[in-house]
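These notes concern the structure reproduced below.
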Amino acid sequence: MRSNEYLDRAVVCQVPLRWGDMDPYGHVNNVEVIRVLEEARIAAFGVPVGTGEQVAPAQIPLFSVLPEGTQALIAEHRVKYLRPLEYRNVPVDVRVWVVSAKAATLVLGFEILDSDDGAPVVRAQTQLALFVPATRTVLRITREQRELLEPYTAPSPF
């Protein structure tokens with residue numbers, strides 16, 4: 001990781017682990033790690049408009065203020081497993097921050113922390129495209145949205 005600036009700029013989301021998330025080795029399965037990242041992304045940025053009920057407020061209310069029907073589509077995931085994520089019946093902390101918000105692309109950084117010692121166990125980066133199915137176009141990120149995201153922007157986790 002190039003910089004620890006993300007420590008000051010990330011929001012921290014708690015994501016519960018499920019018993020069924022374990023693989024035969026007793027670790028949280030790699031597919032379930034992607035689910036943990038998804039849950040942290042929704043906790044951080046909100047429930048996309050029209051897809052569910054936003055009861056708990058988002059820490060960075062971006063998805064909930066997009067035009068109705070806008071989809072946040074995954075374009076790419078990059079995941080580095082630093083050590084196994086052991087199942088424990090307590091939530092894990094996930095740091096989430098913005099790597100970049102340009103044109104129609106939003107890139108997010110993540111770090112999943114071990115609930116026992118707080119050490120990073122996973123670092124990840126996700127690239128999203130905001131897509132409007134009704135018009136079959138990508139939605140460009142506005143100046144106001146970039147300003148909303150700027151306080152949470154830090155370097156890539158890689």
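The values are calculated or read from the model by the stated rules, or taken from the named source; none is laboratory data. These numbers were taken from a predicted model, which means no experiment stands behind them. Neighbour counts run over all protein chains shown; Cβ positions are idealised from the backbone, glycine included. Only protein heavy atoms, including side chains, enter the accessible area calculation; ligands, DNA and RNA are left aside. Shrake-Rupley method; radii C 1.70, N 1.55, O 1.52, S 1.80 Å.
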- Ordering Trp19, Trp97 from largest to smallest accessible area (1.4 angstrom probe), what's the sequence? Trp19, Trp97
- Point-charge dipole on Cβ atoms (K/R +1, D/E -1) for the chain, about Cα centre, debye to 20: 580 debye
- Expressed in nanometres to one decimal, the distance between label points 7 Å along Cα→Cβ at Glu5 and Leu73 is 3.1 nm
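Would you please name the trypsin sites (Lys or Arg not before Pro) within region 81-158 that are DSSP coil residues with at most 13 other C-beta atoms within 10 Å of their C-beta? Write down the numbers at each step before the final one.
Values: sites: Arg88, Arg95, Lys102, Arg123, Arg136, Arg140, Arg143, Arg146; in loops: Arg88, Arg136, Arg140.
The qualifying sites are Arg88, Arg136, Arg140.
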- Query: Rounded to the nearest 0.05, what FRET efficiency do Ala129 and Ala56 have when you use their Cβ-Cβ distance and R0 = 30 Å?
  - Reply: 0.70
- Query: How much accessible area per residue does region 5-152 have, in Å², with a 1.4 Å probe?
  - Reply: 53 Å²
- Query: Can you pull the accessible area of Phe131 for me, 1.4 Å probe, Å² to the nearest 10?
  - Reply: 50 Å²
- Item | Read-out P(r) over Cα pairs in 10 Å bins from 0, in percent, derived from the coordinates shown; its label in (1) 9, 28, 27, 22, 11, 2, 0; (2) 11, 40, 34, 13, 1; (3) 11, 42, 37, 10, 0 | (2)
- Query: Add -39500 (n - 2.57) for each DSSP H run of 4 or more in the chain, then divide by its residues: what number comes out at 222 nm, to the nearest 500 deg cm²/dmol?
  - Reply: -5000 deg cm²/dmol
- Query: How far apart, in nm, are two points set 7 Å out from the Cα along the Cα-to-Cβ line at Thr105 and at Arg136?
  - Reply: 2.3 nm
